[in-house]
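Here's the structure, in structure tokens; my notes come after.
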Amino acid sequence: MAATPSTMLPLGTEAPDFNLTDTDGSDVSLGSLEAPQGLVVAFISNHCPFVKHLRFRFAEMADEYMAKGVGFVAIGSNDVENYPDDGPDKMAEEKGIAGYHFPYLYDATQDVAKAYKAACTPDFYLFDGEKKLVYRGQFDDSRPGNGRTINGKDLRKALEALLEGKKIPEADQKPSLGCNIKWIPGNAPDYFG
């Protein structure tokens, strides 16, 4: 299992716009998402062990915070020609299995992953109500096989601070770690160098 960390996009970055297709065939843009209190953007994949490890807890957290006015969206950006398990049909299946009640969008060109400087799955970004980045990093410090509880404490702490109008200290933000995004051959971004 490859272990790639987040690039840690600079705090304050405005959420890059997108218009992608959801698993139900509908188009979803950044502006169409219901997110008055903030927005979590997660880059995930169907087959990655790091995502499978936390997917049910992430789905539960999303339900909890969507009820508080925070929007959630997941994006799959992997090369589906070489990794067919990450294709749109399989994404629709995974959405049902994991219990995702938010859009799971297909980034066929990988342009959205590049705009967010996404590096791994899972990769989490939290934007405030004005779509400015206030948190990026890990869900928690649990990883497959390390025996730590999957509780989402890092993302939860950031969400709670956002809802309370408190600043989320940069020092508390640790990179996520997961499978590298599977770039289409010749399409890998240059932000890793």
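Annotations
- Within region 34-56, the set of residues being within 16 Å of residue 177 (Cβ to Cβ) and not aromatic (Phe, Trp, Tyr) comprises 42, 44, 45, 48, 49, 51, 52, 53, 54, 55.
- Selection count where residues are surrounded by 18 or more Cβ atoms within 10 Å (Cβ to Cβ) and either acidic (Asp, Glu) or touching a Gly at 6+ places or on another chain (Cβ under 8 Å) (or both), scope region 94-144: 18
- Looking across region 1-28 at every residue that is small (Gly, Ala, Ser) and closer than 21 Å to residue 51 by Cα, the one that is farthest from the chain's Cα centre (by Cα) is identified as 2.
- Here is the figure for region 148-193: residues that are closer than 17 Å to residue 6 by Cβ, surrounded by 13 or more Cβ atoms within 10 Å (Cβ to Cβ) and in contact (Cβ under 8 Å) with a residue 24 or more places away in the chain total 17.
- Among the residues listed as 108, 98, the single one being closer than 27 Å to residue 145 by Cα, aliphatic (A, V, I, L, M) and over 13 Å from the mean Cα position of the chain (by Cα): 98
- Leading residue by the ranking (surrounded by the most Cβ atoms within 10 Å (Cβ to Cβ)) among those in region 48-66 that are touching a His at 6+ places or on another chain (Cβ under 9 Å) and of a type outside the set (Gly, Ala, Ser): 66
- Checking each residue in region 5-38 for being in contact with a strand residue (DSSP E or B) (Cβ under 7 Å, 6 or more places away or on another chain), over 27 Å from residue 161 (Cα atoms) and in a loop (DSSP other than H, G, I, E, B) picks out only 23.
- Listed by first and then second residue, the pairs linking a residue in region 93-115 that is of a type in the set (Asp, Glu) to a residue that is surrounded by 20 or more Cβ atoms within 10 Å (Cβ to Cβ), with Cβ atoms under 6 Å apart and 6 or more places separating them unless they lie on different chains, are 94/46; 107/20; 107/75; 107/77; 107/113.
- Pairing residues of region 67-83 that are surrounded by 24 or more Cβ atoms within 10 Å (Cβ to Cβ) with residues that are of a type in the set (Lys, Arg) and outside any strand (DSSP E or B), at Cβ distances under 6 Å and at least 6 apart in sequence or on separate chains, gives 78/182.
- Filter result (touching a residue at least 12 places away in the same chain (Cβ under 8 Å), more than 16 Å from residue 62 (Cβ to Cβ) and out of contact with any Pro (no Cβ under 9 Å at 6 or more places or on another chain)) within region 122-142: 128, 131, 132, 134, 141, 142
- Taking (1) part of a loop (DSSP other than H, G, I, E, B); (2) touching a Pro at 6+ places or on another chain (Cβ under 8 Å) in turn, residue 179 satisfies each apart from (1).
Since every read-out is calculated from the coordinates, none of them should be taken as a lab result. Treat the numbers as computed from the prediction; the structure is a model and nothing was measured. Please note: Cβ atoms are built from the backbone with ideal geometry, for glycine as well, and neighbour counts cover all protein chains shown.
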